[in-house]
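Engineer: My questions all concern the structure below.
The values are calculated or read from the model by the stated rules, or taken from the named source; none is laboratory data. Bear in mind the structure is a predicted one, so any value in this text is a computation, not a measurement. FYI the Cβ positions are ideal-geometry reconstructions off the backbone, even for glycines, and counts take in every protein chain you see. Side chains are part of the model used for accessible areas, which takes the heavy atoms of the whole protein and leaves out ligands, DNA and RNA. Shrake-Rupley method; radii C 1.70, N 1.55, O 1.52, S 1.80 Å.
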Amino acid sequence: MAEQARTLAMGQDEARQDARGIVEAPFGRALVDLARSRPEIVGLTADLGKYTDILPFRDAFPDRFFNVGMAEQNLVAVAAGLARTGKIPYATTYGVFATRRAYDFIAIACAHSALDVKIIAGLPGLTTGYGGTHQAIEDLALMRMIPGLVVIDPCDATEIAQATAAIADHPGPVYMRLLRGNVPVVLDPAAYRFEIGKAKVLREGRDVGVVSTGLMTERALDAAAALAGRGLSVGVLHVSTLKPFDAEAVAGFAASVDRLVSAENHVAGGGLGSLVAECLFDRGIAKKLHRIGLPDRFIECGSVPHLQARFGLTSQRVAETIAGLV
Amino acid sequence: MTSAGILAETGSPPLDARSKALRSTVVEAIVAAGRGHLGPAMSLIEIMRTLYDHVLRVRPEEPLWPERDRCILSKGHGCLALYAILADKGFFPLETLATFCGHDSILGGHPEFGIVPGVEASTGALGHGLSIGIGRALALRMRGSKARIFVVLGDGELNEGSVWEAAMAASKHKLDSLTAVVDYNKFQSYGPTSEVLELEPLADKWRSFGFAVSEADGHDVSDLRRALEKVPYRAGRPSVLICHTVKGKGVPDAESNADWHHKNKLTANELTTIRSVLGGG
């Protein structure tokens with residue numbers, strides 16, 4: 001099990017420097033647990049099973065697993081056909097391929113018919129050093145424009161496990177980013193409860209409020225802890241669901257802090273930062289927003305920690321950015 | 001000489017009253033709406049008629065009957081042929097056809113799942129239907145159902161790479177409950193398929209992708225019936241029936257004329273001629 005569950009490729013699993021626990025292949029494990037009591041759940045991949053943590057499911061339920069070939073359009077539309085016939089398919093590939101190659105299929109074959117397809121998208125944002133062909137840096141912007149599609153960017157192993165189960169109970173299409181391999185535990189499984197469409201205040205603060213999604217929530221929490229030692233009170237609102245967007249929670253959070261920052265593992269335009277700006281402007285909340293995210297260009301290759309530091313996504317760089325605002 | 005020319009020389013049997021009546025229904029819907037794809041619907045009439053009259057196990061009064069055969073019209077722009085036969089079979093009232101493409105009509109310019117009773121997939125973006133059919137076939141096989149899947153594809157649609165992604169996957173998964181039906185009218189939006197993107201050797205292509213292949217005169221109901229009633233052609237393989245058809249069939253000016261692919265406005269003279277040929281109006 002451990003050997004099969006391990007994600008093998010692309011070298012992004014550099015050794016972590018912190019003391020957080022990890023869970024190996026939280027998505028695959030959660031899917032197996034869920035599928036034991038949910039016979040309608042099936043698994044699919046476009047030949048990237050080894051790299052998207054779904055092999056535990058294949059091993060547990062070989063008759064319910066389909067590799068449709070390196071063919072993302074086919075992956076999404078086969079999933080649509082399964083969903084139309086009473087199954088709940090979880091279809092895995094990389095985010096770049098799901099969104100760039102199969103957009104029409106997600107929009108029309110799945111969302112237009114409100115089908116129960118769950119697309120699980122690996123290598124979100126800047127989590128691979130293999131360069132622009134494999135970095136899904138604009139996927140959230142693309143996916144949030146599709147009517148009726150739920151868009152989720154989980155923070156950690158806890159949230160991936162909970163969200164994997166929660167989306168099975170949501171009748172309709174879902175695009176969920178996948179953190180794969182050895183995934184850190186940031187949120188306490190005993191205390192945290194993922195809910196589709198609900199943002200959660202993970203840390204109270206007065207001076208600066210960080211609205212974050214995905215793995216940037218981990219970085220925001222670390223930065224807030226570091227800055228507390230320097231007398232700065234930093235709050236963190238975790239927005240794991242980009243769509244439907246919890247505008248009420250964001251507006252309330254914004255009103256409670258002096259300065260507002262958004263943080264996402266994604267281009268700074270079109271995703272979380274843009275959603276926060278829309279929300280503030282719609283409500284007439286005049287507050288300067290600093291958006292932490294990737295620039296509007298393709299990102300080079302290199303080691304992931306180095307690239308994340310270069311583009312301001314590490315805990316230390318987030319802390320520096322926040323400190324520079326006040 | 002083009003294949004269409006050969007077929008015109010070989011000749012299909014003359015259209016019978018039912019074929020003419022279904023065509024008439026399509027023409028009157030286009031007249032009422034002032035728009036619609038005439039040519040792509042006309043080449044489909046006998047294919048859809050044969051499927052719904054003789055092949056498919058469906059219940060018009062219970063469109064979502066779990067054990068029904070599924071017919072997916074993947075070339076969604078041919079939807080008027082589907083709407084005409086669905087109305088004829090009683091999936092919805094015949095009068096609904098007069099609302100085609102109107103405000104709040106259930107009958108859009110491309111078929112929509114969940115809105116039109118009897119429509120099994122939202123199509124119009126080409127190259128989706130065969131993959132959707134695979135998903136349905138896999139799910140039905142998992143629950144031990146005997147229901148079959150028929151996916152009607154256009155020839156121009158075969159330009160889409162996703163069709164061939166699906167073809168490989170269908171044979172890999174040994175889906176002999178799945179039959180692709182190709183409306184091979186030899187024309188697509190811009191002109192002849194032989195000029196836009198050559199499909200030949202078409203039967204060999206499907207064969208090489210693992211399908212069991214048969215061919216039929218797509219305007220001869222008895223030939224279509226013979227071919228469709230004996231699927232699967234080989235156990236353990238998906239089937240494809242290549243139907244040789246004429247774009248715009250039954251409407252003299254429209255036959256094999258790409259200009260009629262998406263004919264919006266019929267002149268009074270054209271309409272008079274069509275109605276007289278089809279015996280409608």
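Engineer: So for the protein assembly as shown, taking the charge dipole from beta-carbon charges (+1 Lys/Arg, -1 Asp/Glu), which of B:Pro14, A:Leu289, B:Thr267 sits furthest toward the positive end?
Structural biologist: In the protein assembly as shown, that residue is A:Leu289.
Engineer: Could you give me the radius of gyration and the Dmax of the protein assembly as shown, taking only the C-alpha atoms into account and expressing both in angstrom?
Structural biologist: Calculated on Cα positions, Rg and Dmax stand at 27.4, 90 Å.
Engineer: Please determine, in degrees from 0 to 90 and to the nearest 10, the orientation of helix A:157-166 with respect to the longest principal axis defined by the Cα atoms of chain A, where the helix direction is its Cα long axis.
Structural biologist: That works out to roughly 50 degrees.
Engineer: Under 14 Å from a label point 7 Å along Cα→Cβ of A:Ser303: give me every residue in the range A:98-141 with its amide N that close.
Structural biologist: Label zone hits: A:129.
Engineer: Just add up the charged neighbours of A:Glu159: K/R +1, D/E -1, any other residue whose Cβ is under 14 Å from the Cβ of A:Glu159. Provide the component values of the computation, followed by the final result.
Structural biologist: On the way: positive: A:Arg20, A:Arg29, A:Arg177, A:Arg180, A:Arg193, A:Lys198, A:Lys200; negative: A:Asp153, A:Asp156, A:Asp188, A:Glu195, A:Glu218.
Result for the neighbourhood of A:Glu159: +2.
Engineer: So if I place +1 on the C-beta of Lys and Arg and -1 on the C-beta of Asp and Glu, and nothing else carries charge, what would the dipole magnitude of the range A:63-141 be about its Cα centre? I want it in debye, nearest 20.
Structural biologist: Working: 6 positive and 6 negative charges, 34 e Å.
Here the size comes out at about 160 debye.
Engineer: Calculate how steeply helix A:72-84 sits against the longest principal axis of the alpha-carbon atoms of chain A, using the helix alpha-carbon long axis, and give the answer as 0 to 90 degrees to the nearest 10.
Structural biologist: Once rounded, one gets 70 degrees.
Engineer: In the range B:3-278, what percentage of the DSSP-assigned beta bridges are antiparallel, given to the nearest 5? Write out the running numbers ahead of the final one.
Structural biologist: Values: 1 of 23 bridges.
Taking every DSSP beta bridge within the range B:3-278, about 5 percent pair in antiparallel fashion.
Engineer: Placing +1 at every Lys and Arg Cβ and -1 at every Asp and Glu Cβ, with all other atoms neutral, what dipole size does the protein assembly as shown have around its Cα centre, in debye to the nearest 20? Walk me through the numbers on the way to the answer.
Structural biologist: Values: 64 positive and 68 negative charges, 162 e Å.
Computed about the Cα centre, the dipole is about 780 debye.
Engineer: Within the range A:192-212, what residues put their amide N at less than 13 Å from the label point 7 Å along the Cα-to-Cβ vector of A:Arg38?
Structural biologist: Output list for this probe position: A:196.
Engineer: Turning to a different aspect of this structure: In the protein assembly as shown, what percentage of the DSSP-assigned beta bridges are antiparallel, given to the nearest 5?
Structural biologist: Numbers: 9 of 67 bridges.
The antiparallel proportion sits near 15 percent.
Engineer: State in Å² the accessible area per residue of the range A:200-325; use a 1.4 Å probe, count heavy atoms of protein chains only, and round to the nearest integer.
Structural biologist: On the way: 5000 Å² over 126 residues.
Computed with neighbouring chains in place, this is 40 Å² per residue.
Engineer: Any aspartates and glutamates with Cα under 16 Å of the B:Lys174 Cα? List them, leaving off those in the same chain fewer than 8 positions away.
Structural biologist: List returned: A:Asp63, B:Glu165.
Engineer: Then there's this: Given charges of +1 on the Cβ of Lys and Arg and -1 on the Cβ of Asp and Glu, with all other atoms neutral, how large is the dipole of the range A:73-231 about its Cα centre, in debye to the nearest 20? Please list the in-between numbers first.
Structural biologist: Working: 15 positive and 14 negative charges, 36 e Å.
For this selection, approximately 180 debye.
Engineer: Using the structure shown, select from B:Lys172/B:Lys230; B:Lys205/B:Lys247; B:Lys172/B:Lys205; B:Lys75/B:Lys249; B:Lys20/B:Lys265 the pairs with a Cα to Cα distance greater than 19 angstrom. Write down the numbers at each step before the final one.
Structural biologist: Numbers: B:Lys172/B:Lys230 22 Å; B:Lys205/B:Lys247 22 Å; B:Lys172/B:Lys205 16 Å; B:Lys75/B:Lys249 17 Å; B:Lys20/B:Lys265 21 Å.
Pairs exceeding the cut-off: B:Lys172/B:Lys230; B:Lys205/B:Lys247; B:Lys20/B:Lys265.
Engineer: For chain A, set up a Gaussian network in which alpha carbons nearer than 10 Å are linked by springs, and say which option among A:Ser212, A:Ser233, A:Ser315 fluctuates the most.
Structural biologist: The residue with the greatest mean-square fluctuation here is A:Ser233.
Engineer: To the nearest 0.05, what FRET efficiency results for B:Ser222 and A:Ala114 with a Förster distance of 35 Å applied to their C-beta separation?
Structural biologist: Values: r = 41 Å, r/R0 = 1.16.
So the FRET efficiency works out to roughly 0.30.
Engineer: Scan the range B:174-261 for trypsin sites (Lys or Arg not before Pro) in coil per DSSP, keeping those whose Cβ has at most 13 other Cβ atoms within 10 Å, and list them by number. Walk me through the numbers before you get to the answer.
Structural biologist: On the way: sites: B:Lys174, B:Lys186, B:Lys205, B:Arg207, B:Arg225, B:Arg226, B:Lys230, B:Arg234, B:Lys247, B:Lys249; in loops: B:Lys174, B:Lys186, B:Lys230, B:Arg234, B:Lys247, B:Lys249.
Within the range B:174-261, the qualifying trypsin sites (Lys or Arg not before Pro) (loop, at most 13 other Cβ atoms within 10 Å) are B:Lys230, B:Arg234.
Engineer: Can I ask one more? Can you pull the Kirkwood radius for the range B:3-278, inverse mean 1/r over Cα pairs, to one decimal in Å? Intermediate values should be presented prior to the final figure.
Structural biologist: Details: mean 1/r = 0.0540 Å⁻¹.
Computed over the range B:3-278, the radius equals 18.5 Å.
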